[in-house]
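Student: What follows is a single structure, and I will ask about it in a moment.
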């Protein structure tokens, strides 16, 4: 599939056993996540849902972990209370998400969905890694994809800002990220800009400036 005007061509791996839906979540310059090459509108809906809630396995895969496996979406409410319930209601039983680094300045995740729970085995994971590598190579060649490049420095500063908020408010990673998203929306500032301000102010106060 090819997003308009991007030169990005990639086919979701729905032919893999147990995979019913697939897509790529990519970070825009503003720090939000957009769905690319989704196998159906449901995939795009799930990405938008994670953006609005500030929580979800695809977000965690992009920012925190190289691979996330959700064997039973209905039982994942402890980690993603709002997203897990909403995803299960949309027919998602399980999910695998692979972190992508196409090149310096790009961040995203390959997401594989199944309507059934407990269906992913090591073979599925191995195939998923191959498709993730393929997607990363395709991204590497798409130099002019609009809105898909975010500096790795932005990713780092967002992580630092999350740490500041977690320590200051005694909250978890998902809530800290949601607070950043809310601040970005309320101030009409880019997510990375909000994060940089939080980190800079914390450092300034720490040095007595």
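The values are calculated or read from the model by the stated rules, or taken from the named source; none is laboratory data. Keep in mind it's a predicted model, so treat the numbers as computed, not measured. Positions of Cβ are backbone-derived with ideal geometry, glycine not excepted, and every protein chain shown enters the neighbour counts.
Student: When you scan the range 105-158, how many residues do you find that are in a helix (DSSP H, G or I) and modelled with pLDDT under 60?
Tutor: Summing the residues that are in a helix (DSSP H, G or I) and modelled with pLDDT under 60 in the range 105-158 gives 4.
Student: Counting just the residues of the range 24-67 that are outside any helix (DSSP H, G or I) and under 13 Å from residue 128 (Cβ atoms), which one comes out modelled with the lowest pLDDT?
Tutor: 66
Student: So residue 161 clears everything in (1) surrounded by 16 or more Cβ atoms within 10 Å (Cβ to Cβ); (2) modelled with pLDDT of 85 or more; (3) over 23 Å from residue 57 (Cβ atoms) except one condition, right? Which one?
Tutor: (3)
Student: Here's a follow-up. Test residue 3 against the stated conditions and say whether it is at pLDDT 70 or above and part of a loop (DSSP other than H, G, I, E, B).
Tutor: For residue 3, the condition - at pLDDT 70 or above and part of a loop (DSSP other than H, G, I, E, B) - is not met.
Student: Scan the range 57-70 for residues that are in contact with a helix residue (DSSP H, G or I) (Cβ under 8 Å, 6 or more places away or on another chain) and closer than 9 Å to residue 25 by Cβ and jot them down.
Tutor: 58, 59, listed by residue number.
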